[in-house]
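Here is the structure we will look at, set down as structure tokens.
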Amino acid sequence: MNQVVLINGEELSEVSIFSRNFQFGDGLFETCIGRDGKILFWSKNFDRLNFGCERLNINKISESIWLHDIKRALNLFTKKHFILKLILSRGNSLRGYGYKDDIEPTRVVIISEMQKSKVNKVFSLEYSKSGYHSNPKLAGIKHCNRLEQILARSSLSSNEAIMLDEKENVISVTQGNIYFIFENTLLTPKLDRCGVIGSRRSLILELARSIKLDAMESDISMDQIQKADEVFISNSVIGIQPISSIEGNKLSLNPLTEKIQKAFYLKTQEVSSWTCP
């Protein structure tokens, strides 16, 4: 079986048309990587999901319930490597944006086969024609309204696109975080006004510091990144991907990125990084 879907713990594949996630994008989601029935960096994804619940006032689902659902889904799944997607809707409601505080959330678990990834030696970026608009209450969380990213990818001609805010500060790429190395300093954009704080982002900053880089969050302009020595992006599926060019402007070799990449790979091999449902 190449995919398993559970809704509230049951083997179903259709949600109610009254789901607030379906109607308004009123929900959260997480994407995790798994192998041999175990999940990589589970606590980072689960903590971000709960942080999103607190920010949006969505009733939380306990970790034990999520892990029970995941274990059941894995028992129905036959592949060794998998992508696990969790979706949490605020719940069902009739017409109107308002909701009751005791609304019961809807949880979805989707397990799909992990396709073999190819490391891109040449990975290019362009500037997106659509960007972010600041809203601190939504900043950092992975809510289900992803129209900004959908618009950004609709005219994509490179591998990925850099998304800016309304002040033309760099925020992220459409499907991950972005990092810039200037000599012995690593900068990644501040995400206190918009953007998604990736589940790997804090670890990558720690790994950068472990190889003696000054790693910090900062406002980053388009002019600044033209002076970067190295650039890379990250998300849960691709891990760390070095960038070879931005808008046709080629970047040099990536010696420090490769060090961080190797340290990150070693972290993913540690048994302690994996959680078994």
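The values are calculated or read from the model by the stated rules, or taken from the named source; none is laboratory data. In this text, all values refer to a predicted model and were calculated from it rather than measured experimentally. Quick reminder, even Gly has a Cβ in these numbers, built from the backbone with ideal geometry, and neighbours come from all protein chains shown.
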Can you find even one residue in region 150-162 that is touching a helix residue (DSSP H, G or I) at 6+ places or on another chain (Cβ under 7 Å), in a strand (DSSP E or B) and either crowded, with 18+ Cβ neighbours inside 10 Å or of a type in the set (Asp, Glu) (or both)?
yes
Can you go through Leu49, Leu67, Leu88 and tell me which one is among the aliphatic types (A, V, I, L, M), modelled with pLDDT of 95 or more and part of a strand (DSSP E or B)?
Leu88
Just for region 220-247: of the residues that are assigned to a loop (DSSP other than H, G, I, E, B) and loosely packed, with under 14 Cβ neighbours inside 10 Å, which one is nearest to the chain's Cα centre (by Cα)?
Glu247
What pairs come out if I take residues in region 208-224 that are assigned by TED's automatic domain parsing to the domain that holds Asn169 and pair them with residues that are surrounded by 15 or more Cβ atoms within 10 Å (Cβ to Cβ) and among the charged types (D, E, K, R) whose C-beta lies under 8 Å away, six or more apart or interchain?
Ile211/Lys259; Glu217/Lys190; Ser218/Lys190; Asp219/Lys190
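Listed here are the residues, each with its yes/no results for (1) exposed (fewer than 13 other Cβ atoms within 10 Å of the Cβ); (2) over 18 Å from the mean Cα position of the chain (by Cα); (3) in contact (Cβ under 8 Å) with a residue 60 or more places away in the chain.
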position: Thr31; (1), (2), (3): no, no, yes
position: Gly52; (1), (2), (3): no, no, yes
position: Leu67; (1), (2), (3): no, yes, yes
position: Gly91; (1), (2), (3): no, yes, yes
position: Gly96; (1), (2), (3): yes, yes, no
position: Asp102; (1), (2), (3): yes, yes, no
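Here is a yes/no grid of residues against (1) of a type in the set (S, T, N, Q); (2) more than 16 Å from Val237 (Cβ to Cβ):
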position	(1), (2)
Arg35	no, no
Asn45	yes, no
Leu49	no, yes
Cys53	no, yes
Lys60	no, yes
Ile70	no, yes
Leu76	no, yes
His81	no, no
Ile87	no, yes
Quick check, is Lys121 within 24 Å of Phe264 (Cβ to Cβ), in a loop (DSSP other than H, G, I, E, B) and among the basic types (Lys, Arg)?
yes
Among the numbered criteria (1) touching a residue at least 40 places away in the same chain (Cβ under 8 Å); (2) over 21 Å from Leu187 (Cα atoms); (3) surrounded by 16 or more Cβ atoms within 10 Å (Cβ to Cβ), which one does Ala139 miss?
(2)
